[in-house]
1. Count, please, the residues in the range 323-347 that happen to be among the charged types (D, E, K, R) and either under 23 Å from residue 287 (Cβ atoms) or assigned to a strand (DSSP E or B) (or both).
2. Among the residues of the range 279-288, is there at least one that is touching an Asp or Glu at 6+ places or on another chain (Cβ under 7 Å), among the aromatic types (Phe, Trp, Tyr), more than 15 Å from residue 212 (Cα to Cα) and not in a loop (DSSP other than H, G, I, E, B)?
3. Looking only at residues in the range 262-278 that are in a strand (DSSP E or B) and hydrophobic (A, V, I, L, M, F, W, C), which one is surrounded by the fewest Cβ atoms within 10 Å (Cβ to Cβ)?
4. Read through the list (1) touching a helix residue (DSSP H, G or I) at 6+ places or on another chain (Cβ under 6 Å); (2) at pLDDT below 95, then give the number of the only condition that residue 76 fails.
5. Considering only residues that are surrounded by 11 or more Cβ atoms within 10 Å (Cβ to Cβ) and over 30 Å from residue 72 (Cβ atoms), which ones fall in the range 97-111?
6. What are the residues in the range 206-241 that are exposed (fewer than 14 other Cβ atoms within 10 Å of the Cβ) and touching a Gly at 6+ places or on another chain (Cβ under 6 Å), if any?
7. For the range 312-322, enumerate the residues that are surrounded by fewer than 21 Cβ atoms within 10 Å (Cβ to Cβ), at pLDDT 90 or above and either among the basic types (Lys, Arg) or not in a strand (DSSP E or B) (or both).
Amino acid sequence: MPEKNLLHKVYLTFTDTFKEHRADISAVRMMAGKYLWLGSDETSTIERLSLVAQDKFTDHQQFRVAEFINLPASEDEEIDIEGIAYADYYLWLVGSHSYKRKKTKSDKSDQKNIARLAKIESEPNRYILAKIPLIDGKLFRSCLHPEDANKELKSAVIEMTKQGNLLMTALANDAHLGQFIKAAIPGKDNGFDIEGLAIYQNRIFLGLRGPVLRGWAMVLEIELQDSQPGLMKLTLIGEEKKEYKKHFVWLNGLGIRDFCLDGEDLLILAGPTMDLDGPVQIYRWQNAVNSPENTLNNPQFVQDIPYGNRDDHAEGMTLFEDISGVPSLLVVYDSPAEARLVDDRTVIADVFQLG
């Protein structure tokens, strides 16, 4: 596909500790005009790159999530980080909250691969929704608030339950999502799968890659408050005084692969719910943060994003205007094409003009 509105390419260079995961970046957020924070859907770490030129990020620093919050399983098990956001001196991250089905492998027989396709797994670390204090490009388990010495910032994670966490427990009987959760439908089979995270004031927006219901994608809105040291619980919100609000958005039948705030608008990266190529599109949901719950919303189509043939799947985006000088988005790709892989530690991302 033609790379319409492409401003320029950006080179992301990692250390040897992450080079094998440069091909599975799943979350990205630009902060303070200097740092690029990234997550992979195959690790339990957060990566930070620093801007050294308009088209180069290097000085890779890796942070183990287990140093800041208590994971429900070993840190050898992936968190499947699908969203990163920032608000009020906290870095937020969210796992996919999804079941996964075993993949087929080329070195196995048809019989063994068919057996693999019958295996569905749920991994505890995927149900992470956490906040970690972030000051001057560094993460802390706890620290003093930089503007109020009487206030302490502390890492915290949503309380875990047998269903995964408090959010999954609350959704288990939801009229639209409950059956998908109870049936343990894998994320890539149009099952429940969180892939977008945005924070506005004290409100958390979670974008769902799936399920897409008769063409309608969904956004969940929640609020969290500290419950015990290091833990958070849901608060009752909305007209119905429930643990969550629901918003329905029309994205031409696509699911949400990522989103980010632009003022009070949500920019949505939309793509297929299933494991297939394109289409991939950007939408603008105007005044999204003030949208009433349980309404049907029609975000404005902005532009197409190129995709490849079994590769170049746009997976994350972040505003890049402060760096490029024009309204723009930096987009990172899962399964990048060979042409994006430079030496053995660098991968190329794209910067698109935001029309």
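1. To start, the set of residues in the range 323-347 that are among the charged types (D, E, K, R) comprises 334, 338, 340, 343-345.
Imposing the further condition that a residue be either under 23 Å from residue 287 (Cβ atoms) or assigned to a strand (DSSP E or B) (or both) reduces the set to 334.
The total comes to 1.
2. Yes: the range 279-288 contains one or more residues that are touching an Asp or Glu at 6+ places or on another chain (Cβ under 7 Å), among the aromatic types (Phe, Trp, Tyr), more than 15 Å from residue 212 (Cα to Cα) and not in a loop (DSSP other than H, G, I, E, B).
3. Only one residue tops the list, namely 267.
4. Every condition holds for residue 76 apart from (1).
5. Within the range 97-111, 108 is the sole residue that qualifies.
6. Selection gives 215 alone.
7. 321 - this is the single residue of the range 312-322 that is surrounded by fewer than 21 Cβ atoms within 10 Å (Cβ to Cβ), at pLDDT 90 or above and either among the basic types (Lys, Arg) or not in a strand (DSSP E or B) (or both).
Here is a yes/no grid of residues against (1) closer than 26 Å to residue 38 by Cα; (2) free of Cβ contacts under 8 Å to residues at least 12 places away in the same chain:
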residue	(1), (2)
116	no, no
122	yes, no
130	yes, no
134	yes, no
150	no, yes
188	yes, no
194	yes, no
207	yes, no
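The values are calculated or read from the model by the stated rules, or taken from the named source; none is laboratory data. Since we're looking at a predicted model, the values are computed, not measured. All Cβ positions, glycine included, derive from the backbone under ideal geometry; neighbour counts span all protein chains shown.
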